[in-house]
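These notes concern the structure reproduced below.
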Amino acid sequence: MENLDASHLEVRDYDPKWAEIYEEESQKIKALLGGKITAIEHIGSTSIPGLASKPIIDMAVVVPSWKDAESLIEPLSTIGYPSEVSNVDESNAGERLLFRKGNPTQFHLSIAYSNRGSFLERQILFRDYLRAHDEERDEYSQLKKDLLVKDSTGKGAYIEGKTDFVMRTLKRAGFQNPWFDLSKYE
């Protein structure tokens, strides 16, 4: 279980400054990593105007393959993104590498791979669907607030409680992947 700090234990109403904070941080990352990345995306709840969120800016730095991730670890550490992984190989690459910055946590940065898994696709589909569907966005805001009240420790029920909503939304957004059985979601 990840180390939790105060930023993991609160859900705030949407703050337009989150987009500005993302933009500033993404510019630092682009300047640092340059041509080593193919894109950087603002993902997660703070990327959806009007959605309540934990005050953590989620970003995905996109590289072509997991093989390209290792060269980013050291440079990212110089701007406050420490990693528990010092070398990346097929066994530990997964769909992404996750970094946290700040105490309390202000940023989650994922190195996502264009050629492996569907992490990035799921993030973009979910984000764009909720940006276009205010009713579902508002339903998700309320669900998140309710779940955090029920799980004031932030240790699992909050995340588990969102799963049905997220899967149902991904299905509505058109997500298809043989590794995800979305047939039980309306």
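Counting neighbouring beta carbons within 10 Å and listing from fewest to most, the residues Thr105, Thr169, Thr78 come out as Thr78, Thr105, Thr169. Simple spin-label estimate for Lys36 and Tyr185 gives 3.3 nm between the two label positions (7 Å along the Cα-to-Cβ direction from each Cα). Applying a length cut-off of 18 Å (Cα extent along the axis) and a mean Kyte-Doolittle floor of 0.0 to the DSSP H helices of the chain leaves no helix. What the Cβ-Cβ distance of Ala132 and Asp164 gives, at R0 = 25 Å and to the nearest 0.05, is a FRET efficiency of 0.75. The value of relative contact order for the chain, using C-alpha pairs under 8 Å at least six residues apart, is 21 percent. Estimated translational diffusion coefficient (Stokes-Einstein, Kirkwood radius over Cα pairs, 20 °C, 1.002 mPa s) of the range 130-186: 174 µm² per second.
Applying a threshold of 20 Å to the alpha-carbon distances of Lys30/Lys162; Lys54/Lys144; Lys17/Lys171; Lys54/Lys145; Lys30/Lys54; Lys150/Lys184 flags Lys30/Lys162; Lys17/Lys171; Lys30/Lys54; Lys150/Lys184 as lying beyond it. Ranking of Ser118, Ser45, Ser71 by neighbouring Cβ atoms within 10 Å, starting from the fewest: Ser71, Ser118, Ser45.
Classification of the range 1-81 by its C-alpha gyration tensor yields a prolate form. The axis ratio a/c (a ≥ b ≥ c) is 1.5 or more, and a/b outweighs b/c. Under 5 Å from the amide H of Phe107 lie the amide H atoms of Ile57, Lys101, each residue being 5 or more positions distant or on a separate chain, with H modelled from the backbone and absent for Pro and chain starts. Spin-label pair Glu10-Glu90: with each label point 7 Å from Cα along the Cα-Cβ axis, the two points sit 4.6 nm from one another. Among the trypsin sites (Lys or Arg not before Pro) within the range 96-156, those in coil by DSSP and having at most 13 neighbouring Cβ atoms inside 10 Å are Lys155.
A full extension of the chain between Glu74 and Lys145 corresponds to an added length of 21.9 nm, given 0.36 nm per residue minus the alpha carbon distance. Counting every other Cβ atom within 10 Å of each residue's Cβ, His42, His133 order from fewest to most as His133, His42.
In plain terms, the chain from Gln106 to Glu23 could stretch by 28.5 nm, reckoned as 0.36 nm per residue minus the Cα-Cα distance. Counted by Cβ distance under 14 Å from Arg168, the other residues give a net charge of 0, where Lys and Arg count +1 and Asp and Glu count -1. All Cα-Cα separations within the chain were binned at 5 Å from zero, giving a P(r) of 1, 8, 15, 19, 21, 18, 12, 5, 1, 0, each value a whole percent of the pairs.
Each reported figure results from applying straightforward, stated rules to the coordinates on display, with no laboratory input. Every value quoted in this text rests on a predicted model; they were computed, and no experiment measured them. In this analysis, Cβ positions are derived from the backbone assuming ideal geometry, glycine residues included, and neighbour counts consider all displayed protein chains.
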